[in-house]
Amino acid sequence: MIANLLLMLVTGLFAGILGSILGIGGGMIVTPILTIAMGLDIKYAIGTSIIVVIATSSGATISFLKDDMLNLRVAMFLEIATTVGAVTGAALNGWIPKSVLYVLFSLLLLQSCYNMVKKLLNKPATAEQAVIQPDYLSQKLRLNGSYYDKALKQKVDYQVKNVPGGFLMMLAAGLASGLLGIGSGAFKVIAMDNIMRMPLKPSSATSNLMMGVTAAASATVYFFNGTILPNIAVPLALGVVFGATIGSRIMQHLHPKVIRIIFIPILLYLGLQMFLKGFGVNI
Amino acid sequence: MKKDEMCDIELLIGKILRVGVIVSVVVMVLGIVLMLVQGQGGYAAKTYPTTFAAIFRGVVQLKPYAVMMLGAFLLILTPVLRVVVSIYAFLKEKDYLYVAITTIVLIILAIAMIGGYFAGH
């Protein structure tokens, strides 16, 4: 029992650190460990990963709020899209063939992966925000913001553009999490970073904040149908909360380029995994 | 000036959220300590309390799994707490557009959570 407890705590710590740095929740790190390494049924792994996502979100949000890293208005506005998407997805569950969905979402991930690589190669990270013009909606909704980048040692002001596009992508992210039972943090980061052209750090921090709300929307289903196992989910969640508070501190000192370099292979892995899943292959 | 107000709001939300997280962490740790002391979860193999009534009964009897489930449930509530506090914070800042936006988020969230309660049963 104690060995199991320690394993969950350490796994959680790791998932929390990586999840909070990238804004992806950590479910994708925990699920393979639970299913492949521990032989847990996938339905329990999904229930558990929902708790992990909430733990990452709450742990990371505490330090990001203190350091003014996340954009509260962007989060609130886009949460309408993710929660509506998540509820719709849950209601539509079973109506749309999952294989088609997996392939569609995997293509979206792979395309974003390609965009991220392009971004990494083409532009120096410091000039990333140089030429963005805010659009009418982002000014009306007061979405533009600024943060202090501890790695670049400067305050970065940023503009937000293409709000409708980002909103649509968030609907898709919510749908994906409702239909497929995934955290879809990667989609949220893509929506802000790739589509709305926010810098990567506030994108990741804001995604962390939003994920908790999206996950809470579906968490009660799992809580009350008994797929959240206390002896696994609770030590894992404890590890994650501490990991996320550590990770959100580390992230602020990382160069945006470094975060992108960690993000790209994870997107590639996620994309390929979902693509194969669409054809019935589980890796 | 506007920027400072926003910072205050974020600090307030951060503080309240921290209290929420600490409470759920304390309850979860307590559950684990109980499990280590008693050497078991307090329930028959592969069963867990999943209704409010069962969890409440178990917590009163200090059953480890019941206390751990309570901790997990409190953790699930922390994002909800964050949304509620945000409404109050935007209200204080007289940002009514965002009071409305955040209220919509809270309503959708509440519908989803209540729906989840009935779907789970």
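The values are calculated or read from the model by the stated rules, or taken from the named source; none is laboratory data. Here the structure is a predicted model, which is why all the values come from computation and not from measurement. Cβ atoms come from the backbone with ideal geometry, glycine included; neighbour counts cover every protein chain shown. Keep in mind that these areas ignore ligands, DNA and RNA; they rest on the heavy atoms of the full protein, side chains included. Shrake-Rupley method; radii C 1.70, N 1.55, O 1.52, S 1.80 Å.
Details
- Which numbered condition A:Leu110 misses (of (1) within 17 Å of the chain's Cα centre (by Cα); (2) open to solvent by less than 30 Å² (accessible area, probe 1.4 Å); (3) more than 21 Å from A:Met198 (Cβ to Cβ)): (2)
- Some residue of the range A:12-31 being farther than 23 Å from A:Leu180 by Cβ, open to solvent by 10 Å² or more (accessible area, probe 1.4 Å) and within 14 Å of another protein chain (Cβ to nearest Cβ): yes
- Test: residue in the range A:57-72 that is at pLDDT 85 or above, charged (D, E, K, R) and either open to solvent by less than 30 Å² (accessible area, probe 1.4 Å) or touching a helix residue (DSSP H, G or I) at 6+ places or on another chain (Cβ under 7 Å) (or both): no
- Residues in the range B:56-93 that are open to solvent by less than 10 Å² (accessible area, probe 1.4 Å) and either within 17 Å of A:Pro230 (Cα to Cα) or hydroxyl-bearing (Ser, Thr, Tyr) (or both): B:Gly58, B:Pro64, B:Ala66, B:Val67, B:Met68, B:Met69, B:Gly71, B:Ala72, B:Leu75, B:Ile76, B:Thr78, B:Ser86.
- Check on A:Thr11, free of Cβ contacts under 8 Å to residues at least 40 places away in the same chain, touching a helix residue (DSSP H, G or I) at 6+ places or on another chain (Cβ under 8 Å) and assigned to a helix (DSSP H, G or I): no
- Taken together, the residues in the range A:263-272 that are open to solvent by 60 Å² or more (accessible area, probe 1.4 Å) and of a type in the set (A, V, I, L, M) amount to 2.
- Any hit, the range B:13-33, residues being over 19 Å from the mean Cα position of the chain (by Cα) and part of a helix (DSSP H, G or I): yes
- If you go through the range A:31-64 and keep only what is without any contact (Cβ under 8 Å) to a residue 60 or more places away in the chain and in a helix (DSSP H, G or I), you end up with A:Thr31, A:Pro32, A:Ile33, A:Thr35, A:Ile36, A:Ala37, A:Ile42, A:Ala45.
- Applying the condition of being surrounded by 24 or more Cβ atoms within 10 Å (Cβ to Cβ) and under 20 Å from the mean Cα position of the chain (by Cα) to the range A:217-236 and asking which residue is modelled with the lowest pLDDT yields A:Ser218.
For (1) within 20 Å of A:Lys43 (Cβ to Cβ); (2) surrounded by 24 or more Cβ atoms within 10 Å (Cβ to Cβ); (3) modelled with pLDDT under 90, each residue gets a yes or a no:
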position: A:Ala176; (1), (2), (3): yes, yes, yes
position: A:Asn194; (1), (2), (3): no, no, yes
position: A:Ala215; (1), (2), (3): yes, yes, yes
position: A:Leu238; (1), (2), (3): no, yes, no
position: A:Ser248; (1), (2), (3): no, yes, no
position: A:Met274; (1), (2), (3): yes, no, yes
position: A:Phe279; (1), (2), (3): no, no, yes
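- Across the range A:113-123, the qualifying residues are those that are assigned to a helix (DSSP H, G or I) and open to solvent by 60 Å² or more (accessible area, probe 1.4 Å), and the one among them that is farthest from A:Gly280 (Cα to Cα) is A:Asn122.
- Residue within the range A:251-273 that is in contact (Cβ under 8 Å) with a residue 40 or more places away in the chain and outside any helix (DSSP H, G or I) present: yes
- Criterion: farther than 22 Å from A:Thr82 by Cα, without any contact (Cβ under 8 Å) to a residue 40 or more places away in the chain, among the hydroxyl-bearing types (Ser, Thr, Tyr) and open to solvent by 30 Å² or more (accessible area, probe 1.4 Å) - qualifying residue of B:Tyr48, B:Tyr96: B:Tyr48
- Test result for A:Phe167, more than 20 Å from A:Thr56 (Cα to Cα) and touching a helix residue (DSSP H, G or I) at 6+ places or on another chain (Cβ under 6 Å): yes
- Qualifying positions in the range A:180-203 - part of a loop (DSSP other than H, G, I, E, B) and closer than 25 Å to A:Gly94 by Cβ: A:Gly181, A:Ile182, A:Gly183, A:Ser184
- So B:Val21, is it at the interface with chain A (Cβ under 7 Å from one of its Cβ atoms) and in contact with a helix residue (DSSP H, G or I) (Cβ under 7 Å, 6 or more places away or on another chain): yes
- Of the criteria (1) within 19 Å of A:Leu270 (Cβ to Cβ); (2) within 13 Å of the chain's Cα centre (by Cα); (3) in a helix (DSSP H, G or I), which one A:Val213 fails: (1)
Residue-by-condition table, conditions (1) farther than 19 Å from A:Gly145 by Cβ; (2) of a type in the set (Val, Ile, Thr):
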position: A:Ile182; (1), (2): yes, yes
position: A:Lys188; (1), (2): no, no
position: A:Leu209; (1), (2): no, no
position: A:Pro230; (1), (2): yes, no
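- Enumeration of residues in the range A:45-99 that are at the interface with chain B (Cβ under 7 Å from one of its Cβ atoms) and of a type in the set (Phe, Trp, Tyr): A:Phe77
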